[in-house]
Amino acid sequence: MASNNFLKKYEKAIYIFIAFLFVSNFFAWQEVFHLCENNNLKVSFLNVGQGDSAFIVTPQNHQILIDGGPDSTVVGKIAKQMPFWDRSLDLIILSHPEKDHMQGLLDILKRYKADYIVWSGIKKQDAEYLEWLKVLVKQKNSGAKIITAEQGQEIKVGDLVIDILNPKENLFGRDAGASSNDTSVIAKLVYGKNSFLFTGDIDAKAEEDLCKASPYTSLKSDVLKVAHHGSKFSSSDIFLQAVSPKFAVIEVGKNTFGHPTPEAISRLQNSGAQIFRTDQSCDIVFNSDGQNLFLSK
Ligand SMILES: [Zn+2]
């Protein structure tokens, strides 16, 4: 009798609870089916203003973030592409510790756990850098593996291979001096027949060094993330000839440096690449099935 009364009293609450379980289960399955649907590699060059950030989801649903842009814009962009329950990223790459590449990563790493963090290890003398070190320590204590990038390393993420082409040597603890641009981690993502080259902010000198050091075909890529936001001191003819990109993506926003410069644009046009700019096209999204590239903007 007592248990009947109890049931009656809480009947409504129990039904609401069961309904809640059903609805949350539905959303969970919807997410799972959604994730299973896409067997393509998805590379999104995010419009984060004047800075770099690219989010990559592999066919096996590994999530990779290369740079985070100059502020927390990246947080909202990533949230739109990730299931709401997922609080971890598989791999984070910081090209170099300058604010327009690093600040957004600080915001991301305060919210998400990373399995692997790859960076150059170069030392700087500013507040953001100290913040970066603190975040690294916290991530390491939560189980993240911190890796110092160096030419010749190969990272396998499911079917995706990431070749590290720069820095030429281990720079851990070395002082960056006035600029860390040329120490940028250069990563080439290869999925089947398609490839993407991430160049950070390297200038023409580093580009030429790379051309000399690398076998000719190793730089060739379908998509080039144009170095240093279209600076006139980057995107040299010799480098563009070696990369021979079909698509060139300039990550750029409002700035006082004149990026992207007419000089860089002209050289990119001469290379035959189709040029996209995040300040004009917002996020620029490529899908690849390993054979063909699809631009889905
Ligand atoms: Zn930059």
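The values are calculated or read from the model by the stated rules, or taken from the named source; none is laboratory data. As the structure is a prediction and not an experimental result, all values here were calculated from the model. We place every Cβ from the backbone using ideal geometry, glycine too, and count neighbours over all the protein chains shown.
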Any idea how many residues of the stretch 198-231 are away from the ligand (no atom under 16 Å from the Cβ) and either of a type outside the set (Asp, Glu) or touching a Pro at 6+ places or on another chain (Cβ under 9 Å) (or both)?
-> 15
State all residues of the stretch 269-297 that are under 16 Å from residue 232 (Cβ atoms), in contact with a Leu (Cβ under 7 Å, 6 or more places away or on another chain) and not in a loop (DSSP other than H, G, I, E, B); if no residue qualifies, say none.
-> 275
Six or more apart or on different chains, Cβ under 6 Å: which pairs go from a residue in the stretch 42-53 that's charged (D, E, K, R) to one that's at pLDDT 95 or above and within 15 Å of the ligand (Cβ to nearest atom)? Could you list them?
-> 52/67; 52/101; 52/251
Under 6 Å by Cβ, and 6 or more places apart or on different chains, what pairs join a residue from the stretch 285-297 that is over 17 Å from residue 46 (Cα atoms) with one that is surrounded by 13 or more Cβ atoms within 10 Å (Cβ to Cβ) and acidic (Asp, Glu)?
-> 293/222
Kindly establish whether residue 152 is in contact (Cβ under 8 Å) with a residue 60 or more places away in the chain, under 22 Å from residue 221 (Cβ atoms) and exposed (fewer than 15 other Cβ atoms within 10 Å of the Cβ).
-> no
Considering the stretch 147-181, residues that are farther than 17 Å from residue 198 by Cβ and of a type in the set (Gly, Ala, Ser), and then whichever is modelled with the highest pLDDT, we arrive at 173
Of (1) farther than 19 Å from residue 175 by Cα; (2) under 13 Å from the mean Cα position of the chain (by Cα); (3) touching a residue at least 40 places away in the same chain (Cβ under 8 Å), residue 89 fails just (3)
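Quick check: is even one residue across the stretch 221-241 at positive phi and either at pLDDT below 95 or not assigned by TED's automatic domain parsing to the domain that holds residue 77 (or both)? Break it down into steps so the answer makes sense when it comes.
We begin by selecting, within the stretch 221-241, every residue at positive phi; these are 228-230, 235.
Filter once more, keeping what is either at pLDDT below 95 or not assigned by TED's automatic domain parsing to the domain that holds residue 77 (or both): none.
Looking through the stretch 221-241, none of the residues is at positive phi and either at pLDDT below 95 or not assigned by TED's automatic domain parsing to the domain that holds residue 77 (or both).
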Go through (1) in contact with a helix residue (DSSP H, G or I) (Cβ under 7 Å, 6 or more places away or on another chain); (2) over 18 Å from residue 195 (Cβ atoms) and name the single condition residue 80 misses.
-> (1)
Which members of the stretch 156-181 meet the condition of being buried (at least 18 other Cβ atoms within 10 Å of the Cβ) and under 22 Å from the mean Cα position of the chain (by Cα)?
-> 157, 160, 162, 163, 164, 165, 166, 167, 171, 180, 181
Could you list, in sequence order, all residues of the stretch 125-163 that are closer than 17 Å to residue 65 by Cβ and of a type in the set (Gly, Ala, Ser)?
-> 142, 144, 149, 158
